[in-house]
Amino acid sequence: MSDSAPATQGQGDLAAMRRVVVEWLRKDARDTAPGDNTLSPDSEPNSEAVLLLFLLRASAAGFACEIGEVQDGDGGGGYEARWTHQGASFVGFKQASPQATPDMALLAGCAALLANEWCRSRL
């Protein structure tokens, strides 16, 4: 990784983050939503379905996520997820590190929200 590249998680880390989100969604049948938005227990769900279901659950609990572009001092950059709860920003919440794409940033942000005990207890 060059010095000007954004500080991003590796593919293995993203796979682990995705697994955390999928496992949380499948626990206690949280992976169901109105319509056809369900995760099949027999196959690996696509990332779009995982993110959609998570955002539906998070939104119902008062959470909102915005993906923002960030720049580092060397002209490189990436994307990061910025969470709020009922319109308020978090103090002391460890946001996910910047990622190469908006979708990767959203996935990392979902895993970061689940990693926070206060946030997870409200989901």
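Bear in mind that the values in this text are calculations on the coordinates, not laboratory data. In this text, all values refer to a predicted model and were calculated from it rather than measured experimentally. As a convention, Cβ positions derive from the backbone with ideal geometry for all residues, glycine included, and neighbour counts pool all protein chains shown.
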Between E69 and E48, what length comes free when the chain is fully extended (0.36 nm per residue of separation minus the Cα-Cα distance, one decimal in nm)? 5.5 nm
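Ranked highest first by the average count of other Cβ atoms within 10 Å around their residues, in what order do 103-116, 73-86 fall? Please list the in-between numbers first.
Values: 103-116: 22.1, 73-86: 15.9.
Peptide ranking by packing, descending: 103-116, 73-86.
Using a cut-off of 14 Å between beta-carbons, work out the net charge of the residues near P102 (Lys and Arg +1, Asp and Glu -1, P102 not included).
-4
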If you place +1 on the Cβ of every Lys and Arg and -1 on the Cβ of every Asp and Glu, how big does the dipole about the Cα centre of the stretch 61-109 come out, in debye to the nearest 20? 240
